[in-house]
Amino acid sequence: MGLINVRLNLLDDTILFLSREAFRLACLGHRGKEGWDGVLNLMWCCVPLSIVWSTVLGWVWVNILSSPPEDLKQQYETAVILVSFSGIIQMFAEVPWLIAQIFLFVRLRVIMDFIWMLTRVLFLVIAVSLYPDNVVYIWAVGHFIAGLLYVLGYYFAFFLILKFGNKDPHAKCSHSSALPFNSLRQFFPTFDKTTFPVNQEYRRVTVSFLAQGLMKQVLTEGERYLMTFLNLLSLSQQGIYDVVSNLGSLAARFIFRPIEESCYLFFSQQIYFINFLAQWVRGKDWKDQDEDMRQKVEQGLFRVLRLMVLLGLVIFTFGFSYSDLLLRIYGGPHLAVDGGTALLRAQCLLIFFLAVNGVTECFVRSVMTEQEINMFNKKLVFLSCSYLLLTWAMTSSMGVLGLVGANCVNMGIRIYFSIEIIQKTFANLDPSPIQGLFPENDMLYILLCSGTCCQLSEQYIYAWSPAVHFLLGALLFFVVVASVVIKEDFILSFLVEKYRNIKLKIKKE
């Protein structure tokens, strides 16, 4: 079941990413109350594209990949069909998703993502507990229903918003005054006689991002494709890798990804609801950008780079010494002994690269022109081929650690490419926002001392008392976090502001 689940999740991720990512990146920059017909029409193009990808990839998953055991073959083929149809259905939620993102309906997206995830988990629990012989089939049915609820939930939410909260700027819904829609009918495609109008500027950017998306998917999930198609690892190794990588990617999923998506929206669309509207303009020289926008983008990039670097360093500092303890708590001694500890330590290093790469690529994607995107795509083609070869070579020689090592090299090169574009964007600017990648020496010294103490604790205290080892790490973690908050004044200011807002809200209530 574990290997089949990895395959089906990979199929779902591939269909969704290749079908919608380019349209999202291109259209998130739209603003204002005009020109929505062309933008929404372009977003609807992801539906036919998802049909193509679902058909092609579904056929590959059934006919090209090695067959599962005979007793699971029928369930597996049915599951592939259900996952493929789910990918198509979820594309119908892209228009309300885009509107929710642009008009900052953050809670709506969180709720929809939670419903999608909760539905899948519930069906999996039911399948494992009550119908263990049909786990694959029931999981796939749950995945399909989760996608359906995800789509219906978005439209139902906007139905309520448009009906009860979009009457005037003083309506109860804080976002309602900005919505340029009166009914759900406006969410659907519109035709101009015999033509299907789309925003041409965004269409060109979408085409460029489509090519980049294919390369990025290879770079992001390359090791899973190699495991799936070439069987580089044994089933036990694949199982350990899947468990440990999922555990190690929790930070990327629940911390880094929301920050990255918020950063892309911040950089691609800068809206101030005071007395003016300003936005970063693709292809425009830095000195010719709006002055307020320059300061906002420069400051925002510096701060988010500093924040992500520190987050990555903190995770690596403590994760390295507490990987074994975490795995023993999570999966028992068997998982820790069979190479899991070394793999999770390597994942902690990878998390650092993921933290930096996510933010740098967000900024780069938001400022690159169509020509720069095409040039960047050529680099990604070369990098993708090199990454696959490197992954194959390192995995063949180093085993499962080679997968993580190759991914670290891949992320490091992508960060280098992004830094080149950032330096070009902020040429002759001193200090450059890129300095956010380099924390001050005293902060690095605190991290080094904490990491050394944790490692000594693991060597000499952990075997005697895991509880004492844990408490020492918790104390040092608190010291490091407090030091970061005090040292980086923008974090302290943010926390103080949030505290005052919460206190003010409580008093009003």
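In this simple spin-label approximation, Val52 and Ile115 carry label points 7 Å from Cα along the Cα→Cβ vector, and these lie 3.1 nm apart. Accessible surface for the chain, divided over its residues, is 50 Å² per residue with a 1.4 Å probe.
Counting only protein heavy atoms and a probe of 1.4 Å, the accessible surface of the chain is 65% carbon and sulfur. Computing Kirkwood radius over Cα pairs in Å for the structure here picks out one of (i) 23.3; (ii) 27.3; (iii) 25.0, namely (iii).
Compared with the direct C-alpha span, the chain from Glu440 to Phe196 gains 82.4 nm at full extension, assuming 0.36 nm per residue. For the charge dipole of the chain, defined by +1 on Lys and Arg C-beta atoms and -1 on Asp and Glu C-beta atoms about the Cα centroid, which residue among Ile434, Leu383, Val243 has the Cα displaced farthest towards the positive pole? Of the candidates, Ile434 comes out farthest on the positive side.
If only the Cβ of Lys and Arg carry +1 and only the Cβ of Asp and Glu carry -1, the dipole of the range 411-509 around its Cα centre is close to 600 debye. Placing dummy labels 7 Å off each Cα toward the beta-carbon, the span from Val481 to Ala467 is 2.2 nm.
In the chain, the DSSP-assigned H stretches of four residues or longer account for a calculated mean residue ellipticity at 222 nm of -26000 deg cm²/dmol, using -39500 (n - 2.57) per stretch and the full residue count as denominator. With the cut-off at 1.5 for a/c, could you classify the range 355-509 from its C-alpha gyration tensor as rounded, prolate or oblate? Oblate shape, in that a/c is at least 1.5 and b/c is the bigger or equal ratio.
When the pairs Lys379/Lys424; Lys296/Lys503; Lys296/Lys379 are compared against a 19 Å limit on Cα-Cα distance, Lys296/Lys503; Lys296/Lys379 fall above it.
Taking a ≥ b ≥ c as the square roots of the eigenvalues of the Cα gyration tensor of the range 1-134, is the shape rounded (a/c under 1.5), prolate (a/b larger than b/c) or oblate? Here the range 1-134 falls in the oblate category.
The values are calculated or read from the model by the stated rules, or taken from the named source; none is laboratory data. Here the structure is a predicted model, which is why all the values come from computation and not from measurement. With ideal geometry, Cβ positions are generated from the backbone for all residues, glycine too; neighbour counts draw on all protein chains shown. All accessible areas refer to the heavy atoms of the entire protein, side chains included, with ligands and DNA or RNA removed. Shrake-Rupley method; radii C 1.70, N 1.55, O 1.52, S 1.80 Å.
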